[in-house]
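The values are calculated or read from the model by the stated rules, or taken from the named source; none is laboratory data. Keep in mind that this is a model prediction, so the values were computed, not measured. Quick reminder, even Gly has a Cβ in these numbers, built from the backbone with ideal geometry, and neighbours come from all protein chains shown. These area figures cover heavy atoms from the full protein model, side chains too; ligands, DNA and RNA do not enter into them. Shrake-Rupley method; radii C 1.70, N 1.55, O 1.52, S 1.80 Å.
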Amino acid sequence: MKVNLEILEAAYLFGKESIENLSTKELVPKMVIRRRLTPAAKIVVELLNKIEFNNHRVFYGTNYGELNASSKILNSILYEDILSPTDFQNSVYNTAVSYASILNKNYSEILTTSSGDETSQKLLKLGAIKALDKDEVVLICTETINIKNINQINKCIDYLESGVVLKLKISEEEASIKYEGIRNKGFPKSIDEMLTIAKAFDKDKKNIIEVKL
């Protein structure tokens, strides 16, 4: 089965070590909340601010999840330190999109998926299925792997923080964007398809993709 989707809005962010010049302070004025946000949550909040977002269903994908919080927990266990309640709370895969939904007072459906290098591919399939309900949906994919000593194991990812957002709806028009099999050098493979689509997005044209289920 094939489903065609129209990309209504798209945005992406990335940084070699971290994404610079985020508007977190302005978007999250309450410091007590802002201090709890993970790097991924800050990216998700920023990306949602770059599109027209209003109580949409949100579907989120990440391969590595909240790597910083998870690594802190593992180090605490290793060195027999006290576990941080905040790190424990922030270690789950839906942390980023949950914070964003709370901040936006969005009570619509949220789902998180993680499928290794195929994460954005599976996220697009999830979005296509959900878009069959004929409403607009939002897809977000992020990776934040800038943790202590990451260079000891990372040999192929240049951009340690990255994120992509797409807002889309079902379409019966022919596909105008090809995205399968295109590699974005230096980026995590888990965001490839989403990033390729976002890069190809042209606000002055119809942006249609075909998703094979």
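Before moving on, here are some points about what is shown:
- On the beta carbon distance between R35 and E174, with R0 = 45 Å, the FRET formula returns roughly 0.40.
- Listed values for the stretch 116-130 are Karplus-derived 3J(HN,Hα) couplings in whole Hz (6.51 cos²θ - 1.76 cosθ + 1.60, θ = phi - 60°), namely x, 5, 9, 4, 5, 5, 5, 5, 5, 5, 4, x, 5, 5, 5, and x replaces Gly and Pro.
- Taking the charge dipole of the stretch 2-212 about its Cα centre, with +1 at Lys and Arg Cβ atoms and -1 at Asp and Glu Cβ atoms, the residue from P188, I208, N75 reaching farthest to the positive side is N75.
- Protein-only accessible surface order, largest first, of S190, S176, S115 at 1.4 Å: S176, S115, S190
- Between G65, I147, L47, the Cα set farthest toward the positive side of the dipole of the chain (charges on each charged residue's Cβ, about the Cα centre) is that of I147.
- Comparing L126, L47, L27 in a Gaussian network model of the chain (Cα springs below 10 Å), the most mobile by mean-square fluctuation is L27.
- Taking a Cβ cut-off of under 14 Å around S91, the surrounding Lys, Arg, Asp and Glu residues balance to a net charge of 0, with basic ones at +1 and acidic ones at -1.
- Annotation: amide H of A11 within the under-5 Å range of V165, sequence separation 5 or more or interchain, hydrogens built in the peptide plane.
- Total charge dipole magnitude, the stretch 1-110, about the Cα centre, Cβ charges on Lys, Arg, Asp, Glu only, Debye to nearest 20: 240 debye
- For the stretch 2-212, alpha-carbon Rg relative to the globular expectation (2.2 N^0.38 Å, N residues): 1.01
- Estimated vicinal HN-Hα couplings, Hz - the stretch 70-80 in sequence order (Karplus 6.51, -1.76, 1.60; Gly, Pro = x): 5, 5, 5, 5, 5, 5, 5, 5, 4, 9, 6
- Calculated [θ] (222 nm, deg cm²/dmol) that DSSP helices of n ≥ 4 give over the chain, each run adding -39,500 (n - 2.57): -8500 deg cm²/dmol
- Order by protection proxy (mean Cβ within 10 Å, highest first), peptides 32-41, 100-109, 147-156: 32-41, 100-109, 147-156
- Mean accessible surface per residue for the chain, computed with a 1.4 Å probe while every protein chain stays in place, in Å²: 55 Å²
- A straight Cα-to-Cα reach below 16 Å connects K122 with the aspartates and glutamates E143, E180, D192, E193, E210, residues fewer than 8 places away in its own chain not being considered.
- Folded to 0 to 90 degrees: helix 39-49 orientation relative to the chain principal axis, Cα: 30 degrees
- In a simple Cβ point-charge model (Lys, Arg +1; Asp, Glu -1; nothing else charged), the chain has a dipole of about 240 debye relative to its Cα centre.
- The distance from the alpha carbon centre of the stretch 59-133 to that of the stretch 158-213 is 21 Å, rounded to a whole number.
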